[in-house]
Amino acid sequence: MKVHEIMQKRMAFSFEVFPPKTDVGLEKLVGKDGVLEKLYKMNPDYISCTYGAGGSNVGTNLVVLDAIKKSGRVVPITHFTCIGNTREGIKQQLQTYLDHGINHILALRGDLPFGWTGTGGDLHYATELVKFIRDEFGDKFSIAVAGSPEGHIACRSLEADISFLKQKQDEGANFIMTQLCWDMDKFRYWIDAIRKAGITMPVDVGIMPVLDAKATINMALSRNGCVMPRALCEIISKNWIFPDPFAPNESEQSIAAKQAAFKEAGMAYTVKLIDEYRVCGINGIHLYALNKYEDVARLVSLIGLKDM
Ligand code: FAD
């Protein structure tokens, strides 16, 4: 069954991993008793693997997806971007995915590298990529697309962004995977607005567990311009570990204690966030597993999304 069909029947649950940069990292992820094998035990509906803009890690992306496919336990979904890709190159790469039995794709424009004004490829937006996939491959792929509840960082308005999301549906996309959003008022506004705009695609909400202060701030601010609600800022403030002119010689022990306290508070924050999402009319929870297992497994057990 295709993932969007599952979401039309019930709440889906999934993980996201990324292609490791080293052989050791790859072995830890795909090897025997590795992270993937542990993630399968939680019975996710799919596991997606990111794609380096510019195709920098295409080989490893396929190794990871192959491992998921060969397990026979979970549907693999590849992310894919337009950055630096010609039409012919896209056609070849997508055919390779199909040859490997991978028929679910998250069709993205990709982040423009600093200083670039366009994708440097033949296609300029995700709408064009969705159309291209349907024109070239018919219904062979189930297509997910990105949705930004706070508006994409470069959009000219939220309305324009939503109209392009509708265009993705009109071109043949099947479901939405959302950008990170911690601001539930903004999310509720967005989900009402997309439904009013005639967007009926299932919405799969992307959640990065709040476990590490640096990663949380980085994810919000390095690319996405996400709002951090007061409650989240408080957790960061109370457990501040960054250079502090008033405490330049903080001990490693004190920093470690704050990191542990941050993780505990962040875990509770993430559970509450997922509770709020689950009553907003969404169709799936997509957890960024960040190639780790223990914390994610604890989170899954706390949210009680799925009986295991
Ligand atoms: P688009 O939908 O094409 O939108 C980009 C911008 O252009 C928006 O501001 C939009 O309003 C505007 N726009 C869209 N269509 C048009 C049009 N026809 N005319 C004028 N303006 C238009 N990046 C990676 O490199 N690798 C990954 O693996 C990856 N995974 C991701 C997973 C998820 C769930 C999400 C949400 C994002 C991911 N990204 C990834 C980041 C993504 O590539 C960036 O957010 C990128 O900047 C935008 O991609 P998009 O598909 O949303 O672009």
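May I ask you to evaluate 6.51 cos²θ - 1.76 cosθ + 1.60, the Karplus curve with θ = phi - 60°, for each residue of region 100-116 and list the ³J(HN,Hα) values in order in whole Hz, giving x for glycine and proline?
So the J values, rounded to whole Hz, are 8, x, 9, 10, 10, 9, 9, 8, 10, 6, x, 6, 6, x, 3, x, 7.
Let's see if you can work this out: charge +1 on each Lys and Arg Cβ, -1 on each Asp and Glu Cβ, no other charges. What is the dipole magnitude of region 138-190 about its Cα centre, in debye to the nearest 20?
60 debye
Can you tally the net charge around S251? Count Lys and Arg as +1, Asp and Glu as -1, for every other residue whose Cβ sits under 15 Å from the Cβ of S251.
That works out to -2.
Using θ = phi - 60° and the Karplus form 6.51 cos²θ - 1.76 cosθ + 1.60, what ³J(HN,Hα) does each residue of region 270-277 get, whole Hz, x for Gly and Pro?
These are the phi-based 3J(HN,Hα) values: 5, 4, 5, 4, 5, 4, 5, 4 Hz.
Note down the magnitude of the dipole of the chain about its Cα centre, charges +1 on Lys and Arg C-beta and -1 on Asp and Glu C-beta and zero elsewhere, to the nearest 20 debye.
440 debye
Would you kindly give the portion of the calculated P(r) for region 3-106 that falls above 17 Å, as a percent of all Cα pairs? Let's see the in-between values first.
Working: 2766 of 5356 pairs.
Cα-Cα pairs of region 3-106 separated by over 17 Å account for 52 percent.
May I ask which residue of G89, S71, L29 lies farthest towards the positive end of the charge dipole of region 5-108, with charges of +1 (Lys, Arg) and -1 (Asp, Glu) on Cβ and the Cα centre as origin?
Farthest towards the positive end: S71.
Rank L129, L232, L221 by mean-square fluctuation in a GNM of the chain with C-alpha springs under 10 angstrom and give only the top-ranked residue.
L221
In whole percent, how big is the carbon plus sulfur part of the accessible area of region 219-259, probe 1.4 Å, protein atoms only?
Answer for region 219-259 is 57 percent, counting heavy atoms of protein chains only.
Can you give me the accessible area per residue for region 197-308, using a 1.4 Å probe, in Å²?
51 Å²
Roughly speaking, what is the stretch gain from E27 to H124, that is 0.36 nm per residue apart minus the C-alpha to C-alpha distance, in nm to one decimal?
31.4 nm
What's the carbon and sulfur percent of region 1-128's accessible surface, probe 1.4 angstrom, rounded to a whole number?
Values: 3120 of 6050 Å².
Answer for region 1-128: carbon and sulfur cover 52 percent of the accessible area.
What size of dipole, in debye to the nearest 20, comes out for region 141-293 about its Cα centre when the only charges are +1 on Lys and Arg C-beta atoms and -1 on Asp and Glu C-beta atoms?
140 debye
Express in % the proportion of alpha carbon pairs of region 51-172 at distances exceeding 25 Å.
On the way: 1702 of 7381 pairs.
That fraction is 23 percent.
Residues with amide H under 5 Å of T86's amide H, sequence separation 5 or more or different chain, H placed in the peptide plane at 1.01 Å from N; which?
Under 5 Å from the amide H of T86: D122.
Taking the Cα centre of each part, how many Å lie between region 1-49 and region 149-208?
24 Å
Among M11, G206, A144, whose Cα sits farthest toward the positive end of the charge dipole of the chain (+1 at Cβ of Lys/Arg, -1 at Cβ of Asp/Glu, about the Cα centre)?
M11
At 1.4 Å probe size, with the rest of the protein present, what percent of the exposed accessible area of region 266-308 is carbon and sulfur atoms?
51 percent
Restricting everything to alpha-carbon atoms, can you work out Rg to Rh for the chain with a Kirkwood hydrodynamic radius?
With Rh from the inverse mean 1/r over Cα pairs, Rg/Rh is 0.96.
Amide H neighbours of G147 under 5 Å, at least 5 residues apart or on other chains, H built in the peptide plane: list them.
M177, T178, Q179
Roughly how many whole Å is it from the C-alpha centroid of region 86-110 to that of region 260-308?
Between the Cα centres of region 86-110 and region 260-308 lies a distance of 30 Å.
Pairing the Cα long axis of helix 87-99 with the longest principal axis of the chain, what angle in degrees results, from 0 to 90 and rounded to the nearest 10?
Taking the Cα atoms of the chain, the angle to 87-99 is about 80 degrees.
Explain nothing, just compute: Karplus ³J(HN,Hα) = 6.51 cos²θ - 1.76 cosθ + 1.60, θ = phi - 60°, for every residue of region 242-253 in order, whole Hz, x for Gly and Pro.
So the J values, rounded to whole Hz, are 8, x, 10, x, 8, 9, x, 10, 4, 6, 4, 5.
Determine which residues of region 116-146 fall in the zone a paramagnetic label at A160 would reach in this model, i.e. backbone nitrogen under 13 Å from the point 7 Å along Cα→Cβ.
none
Which value, in nm² and rounded to one decimal, describes the direction-averaged projected area of the C-alpha convex hull of region 209-284?
Values: hull surface 23.9 nm².
Average of the hull's projected areas for region 209-284 equals 6.0 nm².
Name the long-range amide H neighbours of I77: under 5 Å, sequence gap of 5 or more, or other chain; modelled H, no Pro or chain starts.
The answer is I47, S48, C49.
The values are calculated or read from the model by the stated rules, or taken from the named source; none is laboratory data. Just so you know, these numbers come straight off a predicted model, no measurement behind them. Here Cβ is always computed from backbone atoms with ideal geometry, including for glycine, and neighbour counts include all displayed protein chains. Each accessible area value is taken on the protein alone, full model and side chains, heavy atoms only, with ligands, DNA and RNA left out. Shrake-Rupley method; radii C 1.70, N 1.55, O 1.52, S 1.80 Å.
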